[in-house]
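What follows is calculated from the coordinates using simple rules that are stated; it is not laboratory data. All values reported here derive from a predicted model rather than from experimental measurement. Heads up, the Cβs are rebuilt from the backbone with ideal geometry, glycines too, and the neighbour counts pull from every protein chain shown.
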Amino acid sequence: MSGGWVAAFVVVLSACFLILGACAGGNDDRESSGSASASPTAPGNSSDGGSAAATPTIIAVQGFEEVTVVSGLDQPTNFAFAPDGRIFIAGQQGDVRIVRDGVLLPTAFVELTVNSFKQRGLFGLALDPDFEANGYVYLYFTLEHDAANPSGPKMNRLIRVTADGDVAAPGSEIVLLGSVVGDPSHSFCEDFPSGSDCLPADGCCHVGGGLRFAPDGTLFVATGDGASTIELRFRSQNLDSLAGKMLRINPDGSAPADNPYFTGDPAANRSKVWAYGLREPFRFGLQPGTALPFIGDVGGLFWEEINIAYPGVNLGWPCYEGQGRHYGAEQYPICETLFLEGPDAVAPPLHTYPNPGNRAVIGGDFALTYPEPYAGAYFFGDWAQSTISYLTVDDDNNLIDVQEFATGAGGPVALKTGPDGEIYYLAWNAGELRHIRWAG
Ligand SMILES: [Ca+2]
C-alpha cells in the first residue's frame, strides 16, 4: 500500500472519529446493530483532520485577509458575540470561555459535565437576543448518565444558564429540551414512552447542536438522528421524536403556536418541529429577511447537503441522501411509503456535493458587508477538507452559484457573521477563532 493511500485513510478515520460523521469504511451506513464506530479514538488525540495548525489558510479571492482573533483554544466547537464585545466560545469537553478585548479569560464561564466520546460533547452555544438585560446563555451538549460506560448510548440536552459577569451564576441552570435522563438500564430514548422529551445520542455521532435565534425571538435548534443502528435513523421521519429535526421553540422551551405541526399542546414534541428528515444538521444559519434556516446536513456515505428548511418540509433522511434515494432505503417500509408519494414529498437540497470518504459539511452564515458578490452570500465550510466555500441564491432562493473561497482553513467547525457583518469561524484543528476581513 502506498504512503499516499495510508495518509488518505488516516484523514478518513479522522473525519469519522473526531468530530463529524461523514464516514467512509462502511460501518456508519451499513451496519444494522450497535457499533456505529469501529475503534475508539478520543477527540483531540490526533493532530490531523484536515490541515495542520501551522498551515496558513489560502483565500482564493483577492482583497480578503484572515485575522486570528484568539488562539490556544482547546477543541472549540461554537461561539457567539455578546453585545458588549465579549465573545463566548464553547469547547467540546464542556467548558465555555470568554474572550474580552482580545484576551482569553483564564477562568471558564462554566464547566459542564458532559460526555465527549468521539462526536459527543458541548456543541451548541447561543446568547439570548436580550442578553444585555437577562444574561441568558443557551448550551446544547451530551449528558453523561453512566460514567462507567462512556461509549454507551447517551442523551443530549439544551439548557439555559444566566451570566453573572464573566461566570455563570451557580444554580441558574434550567433545562429547556431533553429533560429525560437515562440510567444504565434505560439508555435509549426508546426505553421511554413515545413523545418523551428525549434527545438521543446512541452512537458515537450525529448529535446536532446548532442554535440560532430568529428575529422574532424564537430559537432554532438542530438535532441529529443520534442513531447507532439503521432502524433508529427512522426517528428522523417520526414527528413525535425530537431526533433528526430542525426544531423551533420559544426561549422557555415551549412550542410557538405558529409552528407547522403545532398540535395545540406547546409541550408536545411534534409542536416543536419546524422541519424533519435530517441526519446531522450540525450547523446552520438564518437567512436575513426570511429567517429561513440554511442547514449543512452532514452526509452518510455519499452526499453532503445544504438544505433550506421551509416550514414543515421533509428533508428526506434516511430515505433520501443528496438528490437521490439513500443506499438500501427501499427495503424499509417508511421509505417505501415515502417513495410512493413521489419525489415532491421531500424538499431536495439547495446544494449537494459528493463525499468520496472524507467530507463533513459545516453550515454557515450570511455575510452582510463584503462587496458584491460576497455581500448576501452564504459562507459554509467543510470540516474534513478544511475548506470554506460560498453560495449565492436569487430572490426565490434558487441556487445561482457555488465557489470555493479558502483552503487550509484549519478544520472549520462553526461559521458566524460578526457584529461587523463579516464572517468569523472556529478552526477546530488549529484551536483558533478567525476573522475573514475585507481589506479592499
Ligand atoms: Ca436530505
- Using a Gaussian network model of the chain whose springs link C-alpha atoms within less than 10 Å, name the residue from 195, 210, 322 with the highest mean-square fluctuation. 195
- At residue 132 and residue 331, where each label point lies 7 Å from the Cα along Cα→Cβ, what is the point-to-point distance in nanometres? 5.9 nm
- Task: Report the extension gain between residue 375 and residue 194 in nm, rounded to one decimal, defined as 0.36 nm multiplied by the number of residues separating them, less their alpha carbon distance.
- Result: 60.7 nm
- Query: Once you charge only the Cβ atoms, +1 for Lys and Arg and -1 for Asp and Glu, what is the size of the charge dipole of the chain about its Cα centre, to the nearest 20 debye?
  - Reply: 540 debye
- Message: What's the magnitude of the charge dipole for the range 208-290 around its Cα centre, counting Lys and Arg as +1 and Asp and Glu as -1 at the beta-carbon? Answer in Debye, nearest 20.
- Response: 220 debye
- With N set to the residue count of the chain, report its C-alpha Rg divided by 2.2 N^0.38 Å to two decimal places. 0.90
- Item | Options 207, 113, 176, ranked by Cα towards positive dipole end of the range 86-223, top entry (Cβ charges) | 207
- Note on the structure: For the chain, the charge dipole (Cβ of Lys, Arg +1; Cβ of Asp, Glu -1; about the Cα centre) points to a positive end, and the Cα of 198, 366, 287 closest to that extreme belongs to 198
- If 144, 372, 304 are placed from fewest to most neighbouring beta carbons inside 10 Å, the sequence is 372, 144, 304
- With only helices counted (DSSP H, runs n ≥ 4, each -39500 (n - 2.57)), the per-residue ellipticity at 222 nm for the chain, to the nearest 500, works out to -1500 deg cm²/dmol
- Message: Once you place label points 7 Å from the Cα toward the Cβ at residue 100 and residue 149, how far apart are they in nm?
- Response: 4.4 nm
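How high is the FRET efficiency from residue 399 to residue 84, r the C-beta distance, R0 45 Å, rounded to 0.05?
0.75
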